[in-house]
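J.: First, the structure itself, so that you have it in front of you.
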Amino acid sequence: MREIVLINVTGEERPGLTAAMTGVLAQAGVNILDIAQAAVHGAASLGILIEVADGASLPVLSKDVLAAAQALGQQARFTQLDEADYRRWVEGQGSQRHILTLLSRQLTAEQVQRVSALSAEQGLSIERIERLSLPAALDGQPGNACIEFSLRGAPGDTAALRAAFLRAADELNMDIALQADSLQRRHRRLAVFDMDSTLIEAEVIDELAKAAGIGDKVSAITERAMRGELDFRASFKERLALLKGLDVGVLDEIGASLRLTEGAERLFAELKRLGYKTAILSGGFTYFAKQLQAKLGIDYVFANELAVVDGKVTGVAVEPIVDAQRKADLLRELAHKEGLQLEQTIAVGDGANDLPMLAIAGLGVAFRAKPLVKQSARQAISTLGLDGVLYLLGVHERDLQR
């Protein structure tokens, strides 16, 4: 009668551990049903699930494994499983999988505890935890902290889990992203971005209004539109009309003063290296979007034209206006042009007019967004810079260019 045994070997990390353990098992002619190894700060853990064939002596094998482990300064523990336990384990391997990404400036035990507890309450089991960011420095300076959980199972109540994650994220200054662990997640190839308050730390139309001496009036309308309190299309026309007569000589000065959002340059450099196509889909103006295109190497730009006659802004909107629906339509068109499914696309934005494109993208990310947008989007990043998107793709920081 065959026997199924789980061997756990723990101790100091050292080269040759797996070779030594499997060497003993090879001499006994056993089959390996599962194997996993991890190392955390010099401490190693090796688990091997084996099938011992009929006629083999498990006591002799155990003695040989213990001797090999002790020779390497390791401890070995044996757990015998019956066939029913093994069958249940095999059936569980076909369960749904999810990837949970925890992002923060500094990782705390309370953050990990809350995420783990909320996942467990919904019936999700942790199979693996992996750090994607580089080790934290001890100089007190905040950096990027990210760990990725591989979860097995399906949430009992997805809406309740999402609401609980949002509350925990706000309370503990972190971001939590939960995604299905699908084939498309690992093969995304198109990323589109809003511009104002996403790629740059400003709303350009507000900057134009300041130059015209009506900054407060226009920025109040912009804020309400981004919160979803006003129709974007109507509010855009209203704000643009207020700019009538503005001298275009201010455009170069405003363009030169615009600051890229934290992490933007790093994100676009890595997306390009990974073979992504990128695009700006903006309710702002083409004049400024083209400047970003040149600076970041962006493939496509779709934004609004700023109509000018005799060196003055006319205040009249040029159709088609890039509003919420237009952004979603453009995302579909670009995906089709690139031969991609929508599941292979990423969309990032901060305002209510970004919600339709965030909803149809395979990965829709509300970035430093207004409360309504953050609550409505499937994923959100508020604690890190734009390069935090790379973590949601499962990219290890050690693999990034420096």
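The values are calculated or read from the model by the stated rules, or taken from the named source; none is laboratory data. Keep in mind the model is a prediction, meaning the values are calculated, not measured. Cβ atoms come from the backbone with ideal geometry, glycine included; neighbour counts cover every protein chain shown. Protein only, heavy atoms only, side chains kept; ligands, DNA and RNA dropped before computing areas. Shrake-Rupley method; radii C 1.70, N 1.55, O 1.52, S 1.80 Å.
J.: What Kirkwood hydrodynamic radius do you get for the stretch 165-285 when you take the inverse of the mean 1/r over all pairs of distinct Cα atoms, in Å?
T.: 17.1
J.: How much of the accessible area of the stretch 182-256, probe 1.4 Å, is carbon plus sulfur, in whole percent? Please report the intermediate quantities before stating the final value.
T.: Numbers: 1620 of 3360 Å².
Carbon and sulfur atoms account for 48 percent of the accessible area of the stretch 182-256.
J.: Hey, got the dipole for the stretch 96-181? About the Cα centre, +1 on K and R Cβ, -1 on D and E Cβ, debye to the nearest 20?
T.: Using Cβ point charges on Lys, Arg, Asp and Glu, the stretch 96-181 gives about 120 debye.
J.: Who wins for biggest fluctuation among 375, 341, 74 in a Gaussian network model of the chain, springs between alpha carbons below 10 Å?
T.: Maximum fluctuation in the GNM of the chain, among the listed residues, is at 74.
J.: Can you compute the modelled spin-label distance between residue 167 and residue 238, with each label point 7 Å from Cα toward Cβ, in nm?
T.: So the label points at residue 167 and residue 238 sit 3.5 nm apart.
J.: Given the Cα atoms of the stretch 328-402, and with Rh set as the inverse mean 1/r over their pairs in the Kirkwood sense, what is Rg to Rh to two decimals? Don't jump to the answer; show the numbers that get you there.
T.: Numbers: Rg = 13.0 Å, Rh = 13.0 Å.
Across the stretch 328-402, the Cα-based Rg/Rh ratio is 1.01.
J.: Could you sort out which of 210/370; 210/277; 217/312 sit more than 24 Å apart by Cα distance in this structure?
T.: 210/277
J.: Identify, among 43, 278, 267, the residue whose Cα sits farthest towards the positive end of the charge dipole of the chain, taking +1 on the Cβ of Lys and Arg and -1 on the Cβ of Asp and Glu, with the dipole about the Cα centre.
T.: Result: 278.
J.: Right, next: Could you work out [θ]222 nm for the chain from helices alone, using -39500 (n - 2.57) per DSSP H run of at least four and dividing by all its residues? Round to the nearest 500 deg cm²/dmol.
T.: Helices in the chain give a 222 nm mean residue ellipticity of -11500 deg cm²/dmol.
J.: Which one, 192, 322, 112, has the greatest fluctuation when you compute a Gaussian network model over the chain with C-alpha springs under 10 angstrom?
T.: Highest fluctuation among the options: 112.
J.: With no solvent and one point on each alpha carbon, what is the Debye value of log10 I(q)/I(0) for the stretch 3-91 at q = 0.12, 0.13 Å⁻¹?
T.: -0.35, -0.41
J.: Which of 363, 383, 113 sits farthest toward the positive end of the charge dipole of the chain, with +1 on the Cβ of Lys and Arg and -1 on the Cβ of Asp and Glu?
T.: Going by the Cα projections, it comes out as 363.
J.: Related question: What dipole magnitude, in Debye to the nearest 20, does the stretch 230-371 give about its Cα centre under +1 on Lys/Arg Cβ and -1 on Asp/Glu Cβ?
T.: It works out to roughly 180 debye.
J.: If you find the alpha carbon centre of the stretch 206-273 and of the stretch 49-95, how far apart are they in angstrom?
T.: 64
J.: I would also like to ask the following. Using the Cα atoms of the chain to build a convex hull, what is its mean projected area in square nanometres? Walk me through the numbers on the way to the answer.
T.: Working: hull surface 94.6 nm².
Projected area, direction-averaged: 23.7 nm².
J.: Something else now. Could you size up the charge dipole of the chain around its Cα centre, putting +1 on the beta carbon of Lys and Arg and -1 on that of Asp and Glu, and report it in debye to the nearest 20?
T.: Values: 44 positive and 53 negative charges, 65 e Å.
Dipole about the Cα centre, nearest 20: 320 debye.
J.: Average projected area of the Cα convex hull of the stretch 96-181, in nm²? It would help to have the intermediate numbers written out before the result.
T.: Details: hull surface 21.0 nm².
The directionally averaged projection comes out at 5.2 nm².
J.: To check you understand DSSP bridge types, tell me what percent of the beta bridges within the chain (both residues inside) are antiparallel, rounded to 5.
T.: The answer is about 70 percent antiparallel.
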